[in-house]
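Engineer: Sharing a structure here in structure tokens format.
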Amino acid sequence: RKEVEQDPGPFNVPEGATVAFNCTYSNSASQSFFWYRQDCRKEPKLLMSVYSSGNEDGRFTAQLNRASQYISLLIRDSKLSDSATYLCVVTNLGNMLTFGGGTRLMVKP
Amino acid sequence: SAVISQKPSRDICQRGTSLTIQCQVDSQVTMMFWYRQQPGQSLTLIATANQGSEATYESGFVIDKFPISRPNLTFSTLTVSNMSPEDSSIYLCSVSGGRAGETQYFGPGTRLLVL
């Protein structure tokens, strides 16, 4: 079993739609959680951190459920520019990052 | 945030040869990281490069295949040795940042194709 698992997609949604991604992690001792965004042929960039209390940044909301060991990302009012691969990232002791396989999102006009 | 550059940005190499990738950071950092991203896949950590000591390799990666140098606090190199087509990948270097070092900043990557 992979340490961090994501549905690879692709998720094809129309502009304006709401879309949600989930990610599960296997190490209950994981300490920090993030969503990164990777555009085609580019490097990953931090989108947002994920906290147990939830974290909202504009149209993006991230949630962490430690009991069930899953992380979610909700995107409201999707834009064409949201098309990218979204990587779920978990850190363990020593801040070592483990990446999920990524979920590909395609927003269409 | 950190600004990271990598050279070369891309290369096409013959099997059996070696390629050295350079990574330059605009600030002094203790640890630099080298990742591999194979086609259609996510990132896998190859090794952690500390200045003044040998790199620490992750399971499945060895120094003979991926020797790393870290001569100072702003620079590192990764060599992909005796290349085969299976080494075709994107290689990215990164550094930690953020208030608690929990954020990772990546270089633009080196796109390698081995024929």
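Each value in this text was obtained by applying a stated rule to the coordinates, not by laboratory testing. Everything quoted here is computed from the prediction, not taken from an experiment. A quick note on method: Cβ atoms are made from the backbone with ideal geometry, for glycine too, and the neighbour counts reach across all protein chains shown.
Engineer: Once label points are set 7 Å from the Cα along Cα→Cβ at both A:Lys45 and B:Glu58, what is their separation, rounded to one decimal in nm?
Structural biologist: If labels sit at A:Lys45 and B:Glu58, their model points lie 2.3 nm apart.
Engineer: Extending each Cα 7 Å along its Cβ direction at B:Asn72 and A:Ala17, get the distance between those two points in nm, one decimal.
Structural biologist: Placing both labels 7 Å beyond Cα along the Cβ direction yields 5.1 nm.
Engineer: Give me Rg over Rh for chain B, both radii from the alpha carbons and Rh done the Kirkwood way, two decimal places.
Structural biologist: 0.95
Engineer: In peptide A:42-51, what is the residue-averaged number of other protein chain Cβ atoms found within 10 Å of each Cβ?
Structural biologist: 4
Engineer: What Kirkwood hydrodynamic radius, in Å, does chain A give when the mean of 1/r is taken over all pairs of distinct Cα atoms and then inverted?
Structural biologist: One decimal place: 13.9 Å for the Kirkwood radius.
Engineer: Can I ask one more? So what is the relative contact order of segment A:32-87, in percent, for Cα pairs below 8 Å that sit 6 or more residues apart?
Structural biologist: That works out to 34 percent.
Engineer: Which whole-number percent gives the relative contact order of segment A:1-77, counting Cα pairs below 8 Å spaced six or more residues apart?
Structural biologist: 31 percent
Engineer: Using the Cα centre of the protein assembly as shown as the reference point, and only Cβ charges (+1 on K/R, -1 on D/E), how large is the resulting charge dipole? Debye, rounded to the nearest 20.
Structural biologist: Value, rounded to 20: 260 debye.
Engineer: Provide B:Cys93, B:Cys13 in ascending order of the number of other Cβ atoms located within 10 Å of each residue's Cβ, fewest first.
Structural biologist: Ordered from fewest to most neighbouring Cβ atoms within 10 Å, B:Cys93, B:Cys13 come out as B:Cys13, B:Cys93.
Engineer: Quick one: which of B:Lys7/B:Lys65; A:Lys2/A:Lys45; A:Lys42/A:Lys79 span more than 29 angstrom between C-alpha atoms?
Structural biologist: From the list (B:Lys7/B:Lys65; A:Lys2/A:Lys45; A:Lys42/A:Lys79), the Cα-Cα distance tops 29 Å for no pair.
Engineer: Using a 7 Å offset from the Cα along the Cα-to-Cβ direction at both B:Thr17 and B:Gln38, what is the distance between the two label points in nm, to one decimal?
Structural biologist: Output for this residue pair reads 2.3 nm.
Engineer: Let me ask something else. With a 10 Å Cβ neighbour count serving as the proxy for reagent exposure, in which order, fewest first, do B:Arg111, B:Arg15, B:Arg70 appear?
Structural biologist: Listed from fewest to most nearby Cβ atoms, that is B:Arg15, B:Arg111, B:Arg70.
Engineer: For the protein assembly as shown, what does the convex hull of the Cα positions come to per residue, in cubic angstrom?
Structural biologist: 127 Å³
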